[in-house]
Amino acid sequence: MFRFKLCIRAVLLLSLVFNFVPGPGACAGMQQTTTVPLPDDDPHHHNVAAPGAQKSQDPPAPAAEPSTDPGAAAPTLDYGWKQTFKVSGVKVDFRGVPSLKDVVIKNGPLPVSLNEISSTEMVEGQRAVFQFRLTDATGTPLTGLSMAAWLDQARDGKPADKKECHDKIQSFLQMQLSARPEVDLNTYYLLALTEEPGILIIDPRVGFATSKLYAMIDLAAPGDDWALTPSGDRLFVSLPSIGKVAAIDSMNFRVLSNIETGGKPARVVAQPDGKYIWVANDSDRPEESGVMVINPSNLEVLARIPTGKGHHEIVFDERENAYVSNQIDGTVSVISMPKLAKVKDIEAGKGLVALIYSKAAKSVYAASADTGTITIISSESQSITGSLKEKPGFTAMTITPDGRWGFVANGEEDLVLLFDVSSNRFVQVYEVGRSPDQMVFTTSYLYVRSKGDEHVKMIPLDGIGSTGHTAEFPAGQGLPGALADILAPAIEPSLEGTAAFVVNPADKRIYFYQEGMAAPMTSMEGYGRRPKAIKVLDRSIHETEPGVYSVGLQLPQPGFYDVPLFVESPSISYCFQFTIKPNPLLKKKNELPVYLRAVKDNLLVRPGEPVEVAFQLLEPGSNKPREGLKDVQVTVLLAEGLRQFRYSAEHVKEGRYQFTFTPPSEGVYYVTVRVPSLGIRANQLTYMMIRAKAPENSKVVQPKGTTTTQPRSQ
């Protein structure tokens, strides 16, 4: 049985998902600005059941039609547990909670009236949270459960019966390509930042044939550093060669905007509360060298604050201050986060390369490569209170999550030094590989990457400071060397914290290492690109309060859906129901004139044999076939070889279009459709999939009449 591991981080997903602070003018023209507390906002609103909520298997209440009266009062919100299922003494409740604070569409927030989008409706494109509450016969919350859930279109608009629900759950657990849910609520993705300007989106749990490539994002220039918002819905990537920061919708994997910085953006950091994104600008011009502050919701640049010359690192304290190092000037600038203004500069030594904050010591530590000094700055007095001295050559510094122990790497001495923040002295030295430059924590170890060594060193955190013992594993065969010159981390811990993903740009591969093993368990290729940094994007269910399990998502297209739920122990398999209404704002601004319905998706064929690929183009709402289109253009992309084959689809009847494709080799082929006459670009319509697998000892014949091109920017 496929087992689902829950992330052990203590994250309140609801508060992260609902984090939204509108910038000036973001909601200009709102007819109403009344905000109603969500369950996580109002402690008195928790677990308040609506009338009838205790009734077993209640269907979802019908949503009210949007009011057209601009003077109408905001509707009364009801977030009670609308659906309930009982089995073997266990009660399971389900509900969907809309986010009224952040109605998001592709181009960012729009002026929204609560009369126009009724708060009792769940509409396409809206951010929402699904919650499952499990209690025993006495009402005691069931905690620490392993579970999985999905959102899937109901067949023929009817709720799944017991057998159909069981079949759906089994196929989803086995991750069959022929049975993909509309939204997988248990997944995570690997994001690999590549030397070639782009990001690979990899699903490490399932391979499409031999490929795990889920999607690709093309960037305008190579990225140097990146940061996710705490809610995981926006990703920001610095592009220093063109002086811009790419803002990416990480729900749909699309670039929203390339924001001008006016200099050389480098380090990118998300404010701990998610309110702002901070971008360091390593400009050669003193008037530009400093930080830029971005509102992640509407992508507005709120401030540009000059701080000093040289490279900048950024940390935050608990007193609403940001600290920015200025490498050439040798100063640390203190910035008030509420005012977005510099408060003062503190002399900390030339050649500052690293900055950390210790919540235990309530101090900032600034490391100088030139002098081998770590300057200690009190966050309370904002003055220097001490220093630590070693040999020059510092390259990186980090601190344990509890703020108790600090580690600093010396790239010239090939060492990592441990210091105690309670006494502010060095207490241990660890020998590592040549030129250590990056350090990342898992639950039990500190991983150290070195440019001159293919091995990753592991420093145990158990018994920290009592021994200089280290372990290691080979992360590839080639030395990272100069190819590793990037600010973004090349190592990322797994969600469980007991394993790690490591990229080696010299090998063009991503390695997965499980702690306790002598070598990586597996590796993934870079699909023709050179990965240089790695990040995990979590899309799984978390226990957000005792017995309540939550997951955030962006609602897909309108329709009636099953929500299959599987719990490992106690054994539960059940399908709830959920309705998604059309979004009038999306219809006004973003609705396409047609949508695509595959006649048969996930075709399985043999290489060298022709296959007829057919699909319908239908009008939204009426489902009326769109007939007679003369410019239905098809692109077939081979995921492995990154080759493209282009065709024109012919109209057959009743909005059905088709073309014949002969796969030249084994692999997974993605089929995208565009219609220039309707203004529909590639990847705007649902894609289809063809899997080609050759029988043993067979020869593949290259098909005639196809053209091969390099992939275009999507």
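Since every read-out is calculated from the coordinates, none of them should be taken as a lab result. Keep in mind it's a predicted model, so treat the numbers as computed, not measured. Note that we place each Cβ from the backbone using ideal geometry, even for glycine, and neighbour counts take in every protein chain shown.
What the table shows:
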| item | result |
| --- | --- |
| Spatially proximal aspartates and glutamates relative to residue 344 (Cα-Cα < 20 Å; intrachain offsets below 8 disregarded) | 282, 287, 288, 313, 317, 318, 320, 329, 380 |
| Anisotropy class of region 302-457 from Cα gyration tensor, a/c 1.5 cut | prolate |
| If the convex hull is drawn through the Cα atoms of region 387-464, its volume per residue in Å³ | 81 |
| P(r) histogram, all alpha-carbon pairs of region 206-365 included - 10 Å bins from 0, percent | 11, 39, 32, 13, 4, 1 |
| Translational D in µm²/s for region 240-282 (Stokes-Einstein at 4 °C, 1.567 mPa s, Kirkwood Rh from C-alpha pairs) | 116 |
| Packing-based order for 271-283, 380-392, using average beta carbon neighbours within 10 Å, highest first | 271-283, 380-392 |
| Distance cut-off 19 Å, percentage of C-alpha pairs in region 199-260 lying past it | 35 |
| Nitroxide proxy distance, nm - points 7 Å out along Cα→Cβ at residue 522 and residue 627 | 4.9 |
| Calculated FRET efficiency for the pair residue 653/residue 87, C-beta based, R₀ 51 Å, to 0.05 | 0.60 |
| Mean Cβ neighbour count within 10 Å, used as a protection proxy, ranking 475-486, 421-432, 181-192 highest first | 181-192, 475-486, 421-432 |
| Simple spin-label estimate for residue 161 and residue 136 in nanometres, 7 Å along Cα-Cβ | 3.5 |
| Among 459-471, 395-407, 324-336, the order from most to least packed when residues are scored by Cβ within 10 Å on average | 324-336, 395-407, 459-471 |
| Estimated inter-spin distance, residue 360 and residue 220, nm [label 7 Å along Cα→Cβ] | 4.4 |
| Prolate/oblate/rounded call for region 134-189, Cα gyration tensor, a/c under 1.5 rounded | oblate |
| Cross-link table 82/158; 451/535; 535/693; 163/693, entries beyond 23 Å C-alpha to C-alpha | 535/693; 163/693 |
| Surrounding net charge for residue 268, when Lys and Arg each add one and Asp and Glu each subtract one, Cβ distance under 11 Å | -1 |
| Filtered GluC sites (Glu not before Pro), region 208-312: DSSP coil and at most 14 other beta carbons within 10 Å | 287 |
| Gyration tensor (alpha-carbon) shape descriptor, region 216-306, a/c threshold 1.5 | oblate |
